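Report on the structure given below.
Computed from the coordinates by the stated procedures, all read-outs in this text should not be read as laboratory data. In this text, all values refer to a predicted model and were calculated from it rather than measured experimentally. Cβ placement follows ideal geometry from the backbone for every residue including glycine, while neighbour counts extend to all protein chains displayed.
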Amino acid sequence: MHEYSIAYDIYATAKRAAVENGADEITAVTVDVGEIAMVNPEQVIFLFGVIVEDDPLFAETHLECRTVKVRTRCECGYEGDEKFVCPRCGGLPHVVEGKEIVVSNIEIEVNES
């Protein structure tokens, strides 16, 4: 179940960013999940909730997983969304985008008093 380690890494990344910036609360975390990342976003969201449940910094945190569509490029110049066979030359296109898992945004609250 690699979703647990992904959820934990999201938690650790958000916590580190919040601590480094003196946050009192993390309100939202957005993660971009590639269409072919081999991850179940619903499981990641559930496990993230389990991991953060006793951390007051995450009391009201909302985790959003956005799907990133596949984008490929072939040596012949083709660019598009074909994953397996280039429609121009029949070669194997290289996946440029759509297999990553990236924390793209962390929203925090800082009490300035």
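Taken as a whole, segment 50-67 holds no residue that is basic (Lys, Arg) and not in a strand (DSSP E or B). Considering (1) loosely packed, with under 13 Cβ neighbours inside 10 Å; (2) on the phi > 0 side of the Ramachandran plot, the lone condition that Gly98 does not fulfil carries the number (1). Just one of (1) under 16 Å from Ile101 (Cβ atoms); (2) aliphatic (A, V, I, L, M); (3) touching an Asp or Glu at 6+ places or on another chain (Cβ under 8 Å) fails for Ile6. It is (3). The test for being without any contact (Cβ under 8 Å) to a residue 40 or more places away in the chain, exposed (fewer than 15 other Cβ atoms within 10 Å of the Cβ) and either within 13 Å of the chain's Cα centre (by Cα) or under 19 Å from Val110 (Cα atoms) (or both) does not hold for Glu75. Selection of segment 19-40 for residues being farther than 22 Å from Ala59 by Cβ and not in a strand (DSSP E or B) yields Glu35, Ile36, Ala37, Met38, Val39, Asn40. Taken together, Gly49, Gly34, Gly91, Gly98 contain a single residue that is of a type outside the set (A, V, I, L, M) and over 23 Å from Asp9 (Cβ atoms), which is Gly91.
Name every residue in segment 86-99 that is part of a loop (DSSP other than H, G, I, E, B) and within 27 Å of the chain's Cα centre (by Cα), in order of residue number. Give the steps one after another, and end with the answer.
Residues of segment 86-99 that are part of a loop (DSSP other than H, G, I, E, B), as a first pass: 86-93, 98-99.
Leu92, Pro93, Gly98, Lys99 - these are the residues of segment 86-99 that are part of a loop (DSSP other than H, G, I, E, B) and within 27 Å of the chain's Cα centre (by Cα).
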